[in-house]
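Reviewing the structure listed below.
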Amino acid sequence: AVRMSEQFGLVQKLDLAVARKAVDMLNLRTDVKIAINLSGQSAQNDAFREALRTLLLPHPDLSNRLLFELTESKAIEDMEAAANFLRWLRRTGYQVCLDDFGAGAATYAYLRRFDVDYVKIDGPFLKEALDNTRQRALIRSIVSLTRDLKAETVAEMIEDETTLKLCKELNVGYGQGFLFGKPKPQIDAPKALMVGKRKGFSESWG
């Protein structure tokens, strides 16, 4: 959906609509946390940034329950504008995650320029490490680098105990995937969006 909306020039409208829905849900349900995707194209767009600020400022109490995941579906051209906006989000109390790390060529450039709270390791990138020692070494280096930058790592697509064991061996801090729970069309129970485990995976952003 993100890539298609970028192709048709609608990604800012999509991201803003999702953010509005998340804010509405968080106001209704104080027992959940929500993570939403944020396209790099939106993060560097002046009109979108102002619209999101206008949406968020009346709800400071939601900042510890809403996380933004910056996607790398399309390369960011105005890195400074995007970096300034992400810094504003974090100063305001919102957490930021760099999504799909390892899926694109710009990920290290993003990590160098953007202050984030979490780095999400791309699922296929992780799966390759199951049978590839070089890939495991790369992920170990990502985990070490991320922690040096005062951020945490999240592993995507944990679907079996073998992958879970690998994540623990590589010291990945958080995880998400079908092993912990499958996506649902709506939030229907407390903590439905936090189904992984922390340090042995007791907590995760769904």
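The values are calculated or read from the model by the stated rules, or taken from the named source; none is laboratory data. All of these numbers come straight from a predicted model, not from anything done at the bench. Ideal geometry is used to build each Cβ from the backbone, glycine not excepted, and the neighbour counts take in all protein chains shown. All accessible areas refer to the heavy atoms of the entire protein, side chains included, with ligands and DNA or RNA removed. Shrake-Rupley method; radii C 1.70, N 1.55, O 1.52, S 1.80 Å.
Rolling a 1.4 Å probe across all protein chains gives residue 108 an accessible area of roughly 110 Å².
In this structure, the residue pairs whose Cα-Cα separation is over 18 Å, taken from 33/127; 33/182; 33/168; 120/168; 127/165, are 33/127; 33/168. Residue separation of residue 161 and residue 30 scaled by 0.36 nm, minus their Cα-Cα distance, works out to 44.0 nm of gained length.
Under a 5 Å amide H cut-off, with hydrogens placed 1.01 Å from N, residue 38 pairs with 69, 70, 71 among residues at least 5 apart or on other chains.
Our coupling estimate for segment 142-158, obtained by passing each phi through the Karplus curve with A = 6.51, B = -1.76, C = 1.60 and θ = phi - 60°, is 5, 4, 5, 4, 4, 5, 4, 8, 6, 10, 10, 9, 10, 9, 8, 6, 7 Hz, Gly and Pro reported as x.
Computed on segment 92-170, the Cα convex hull volume stands at 93 Å³ per residue. Put a plus charge on the Cβ of each Lys and Arg, a minus charge on the Cβ of each Asp and Glu, and nothing anywhere else: the dipole of segment 25-109 about its Cα centre is then about 360 debye. Near the amide H of residue 152, within less than 5 Å, lie the amide hydrogens of 118, 119, all on another chain or at least 5 residues away, with H placed in the peptide plane. If R0 is 35 Å, the Cβ-Cβ spacing of residue 84 and residue 171 corresponds to a FRET efficiency of close to 0.65. Per-residue 3J(HN,Hα) values for segment 115-120, derived from phi via the Karplus relation 6.51 cos²θ - 1.76 cosθ + 1.60 with θ = phi - 60°, read 7, 9, 9, 9, 10, 9 Hz in sequence order (x marks Gly and Pro). When peptides 52-58, 32-38, 158-164, 168-174 are ranked by their average number of other Cβ atoms within 10 Å per residue, the highest-first order is 32-38, 168-174, 158-164, 52-58.
Annotation: extensible slack from residue 184 through residue 128 equals 17.4 nm (criterion: 0.36 nm per residue apart, minus Cα-Cα distance). Under the simplified labelling scheme, the residue 135-residue 150 pair shows an inter-label distance of 3.3 nm, with each label point 7 Å from Cα along Cα→Cβ.
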